[in-house]
């Protein structure tokens, strides 16, 4: 072998050895006697459920959402939802939330998610319930002369528009006409027969 070639090979090997030694010096040594973050928190990162494990769980120990849903269509759910929301204590609390400016979309999200976890309907049907549930909450607010806030930041969005245009948009959003196609007419009629907020407050005082 040529002397020059041998020297080049030696130089390459020496350079590799030096680089490897530097990397070893920069590596952080792990102290195996100290507890890691999982051990400190008392959590086993390998104890999570396996994919599909819930499919093999006995019916008696399943969560509500792991079983077939109670309802498969929108109308009976809206009937049940209306009855639950208009129970006296729940209705008063709901009107107070609306009066305090709690956004309609957040209320609808909490209400529907709870129903899904209780096994009343599946996630797909929950998406179909968003619009009628929001319109129901809007109807309850307007019947009590409460200006509903549709989403958080609504007033900020309207404030960025011109004065006249912003006022028109505000009226369109907050006084939106109830969509009779998305909410059963029987429910809308019953909304109009509910006691007003001031009547409920008088009853509490009495």
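Values quoted throughout were computed directly from the atomic coordinates according to the rules given, and no laboratory measurement underlies them. All values derive from a computational prediction rather than experimental measurement. So basically every Cβ, Gly included, is an ideal-geometry build from the backbone, and we count neighbours across all protein chains shown.
For 202, 59, what ranking results if the residue with the fewest other Cβ atoms within 10 Å of its Cβ goes first?
Values: 202 11, 59 7.
Taking fewest neighbouring Cβ atoms as first place, the list is 59, 202.
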- Note on the structure: Expressed in nanometres to one decimal, the distance between label points 7 Å along Cα→Cβ at residue 53 and residue 200 is 4.3 nm
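Provide the gained length on full extension for the span residue 109 to residue 79, in nm with one decimal, where the gain is 0.36 nm per separating residue minus the Cα-Cα distance. Write out the running numbers ahead of the final one.
Numbers: separation 30, 0.36 × 30 = 10.80 nm, distance 1.76 nm.
Residue separation times 0.36 nm, minus the Cα-Cα distance, leaves 9.0 nm.
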- Distance in nm between label sites at residue 124 and residue 66, each 7 Å beyond Cα in the beta-carbon direction? 2.2 nm
